Structure formats: C-alpha cells, structure tokens
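All of the numbers you see were taken from the coordinates with simple rules; none came from a lab. Worth saying up front: this structure is predicted, and the values here are computed from it rather than measured. Don't worry about glycine lacking a Cβ; one is built from the backbone with ideal geometry, like all the others, and counts go over all protein chains shown.
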C-alpha cells in the first residue's frame, strides 16, 4: 500500500475514534491536548513565557466607613453597599471600630451580613488597641482577639488585615522607614508580638482565611524585620495616597529615587493596593481626584504585579468635616434637616466605575 494512503487511513481511523469518545463524553478536548503535548514522558511547557502567565482574577474593592453620617442607620448602610456594588467591585474593606469590643458582635453582624447579601467579599481590618504599648503579653492579646473574632465569622469573612499601617506606630519621627535603623526597636518588639499573635490566631480559627499585612509610604524596613522575625501572612497590602508619586517604580523622597515596586515584589507575596486615592481626595479639586485615579489605576493594573486594588474611601465622613480629610470619598455628604445624609456622587466615582469595567474581562 502506498505510504501516503496508509497514513491517511490511519489518520481517519484515529479521528473517528476520538470523535466517538468525545460524543460519548469519555474524553475531553483538554485531555486530548494533553496527550499531544507530551514528549519522552514529560509534558512540554507552553511556548508562552510562564512568568507572564495571567494573574488570578483581579480583586476590585473600596473602603467603607459604615457610619459616614455618624448614625447607625439601616437605610444608609443599604445605600452605601448598593453604591459600592454598582461600581462593579468584588470586595469591601471595613474596619472593626475601635470603640467596639472584639466580643460585641451585634452591630458588626448586621454589617457583615448586609455585605454578604450583596454577594461581596469582606476584608476586615483590625487595628491594635491604641493603648497596646501600655499593656503586657502583646502576643497573647493579639492571639486571643483573633481567635474570638475569626471563630465567630468563620466561613463568612475571606480576608483579615492584621493591623493598619503598623510601621507608623514605631518609625522614628521624620525617618522614611527604608531601613531597620528607621524604627524604635523597643516599640517594634511590642508591635511585632501583637501582629504575630493576631496572625497565628487567624490561622488557628479559620485556616482558609487569608491574612493581609499592611504597610504604607516607604516603610519597607519594617517588613524586612517582620518577615525575618516570623510574621506569617499571605497578602501584602500597601496604602498609597501620595501627592506627586504616581509611579511606584520611581518614588522620590528627599532628593532620592526608590523603586518601591521591585522591593515589594521581592517579598514574594500576593500584592494589593489596600488604600489608593488622590492626596486628600477631592480637597484640591474634583478634577484632580479624577486625574489621579485615571493615571495610577491603569499603571497598577498593567504592571501585572498587583492582584487587588481598593479605593479609599467610598464616602466623605461627617466626623472629619472640619479636617483636611473631609473630602476623601467618591460620594459627598449633605447636611439637611439637622443631620448628615449621603449626597451626590463625585466625578471620581464614575471614573473608578469606568476603569473597573474597562479592566474586568
């Protein structure tokens, strides 16, 4: 038989057999592809660069103050969460209020359940007690608080942020935080003990929950020490609301330029921007807030380094109305009939919404 005819017949037979197997659902296209991708007993790698493989699904989020009008109101909470949902986000970042004891769950249960009802994930931020440094047994305090809190919300809350910008509590005044020498080591030992205790408590109470460590500005020396000293976490979240530094690979400070992006990558953790906004929000103009988000968000997303981004915050807050942080939100407040209410959406709200839509595939 002619060799060409022979191989033609063999090909037809093989295709016929595979077609019948697929129709009978005994084999899938993926398995067929795998069969043909093996050589000498080893699966061949794709010709695509494995280091440029698509990142896990990007997490879009927003930070929420659950009582921006300074009143616990179910209607305000519902509107807050619906406005957040309408952005196209997948997660909200909320704080455990410092005036609520860890074991007082009534109000926060309402908040968490309302968030889950919107099919949104929860990132719970738990900052250490402001009087922590006047206490003892720092590790045990953190551990006990985490076990109590996380056991209560086991299976409901996906992420716990352990502390909020903790390096700021121990950095020497006016130091940028790049090196270990930037920090008060006595205070650092207390801080890291609490962080390790809380981290270990989260893992004990809910092994499936992810722990988010949190830093800001150039406080990378803190994490050099913290990681070396055994702080365990899955995600490193960085806060960024600098006035001029919109490129994290070229951060300028005191006449020097730093590649913060490369340093964050060197920690080999999943990376988020946990707080991002124009400096002081819209205080220097709503257009400036829009331009900031339009510039930094594409840079962060396109870098391929980060897998999550949270704008800080969703709304302005009534208790900050007399400060220079009165305009941080994407939504204004209005004063009417003797109390505060949620007001109009700022242009930056729609900017963020459009960017999420653009980058959500």
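Taking other C-beta atoms within 10 Å as the exposure proxy, 217, 272, 175 rank 175, 217, 272 from fewest upward.
When each of 204, 263 is scored by the number of other beta-carbon atoms lying within 10 Å, the sequence from fewest to most is 204, 263.
Its alpha carbons considered, the stretch 120-267 gives a radius of gyration followed by a Dmax of 15.7, 49 Å.
Separation of the stretch 246-286 from the stretch 134-196 is 22 Å, based on Cα centroids. Peptides 296-307, 61-72, 92-103 ordered by packing proxy, namely the average of other Cβ atoms within 10 Å per residue, highest first: 61-72, 296-307, 92-103. Expressed as a fraction of 2.2 N^0.38 Å, the value expected for a compact globular protein of N residues, the C-alpha radius of gyration of the stretch 240-320 is 1.16.
For 266, 249, the sequence from fewest to most other C-beta atoms within 10 Å is 266, 249.
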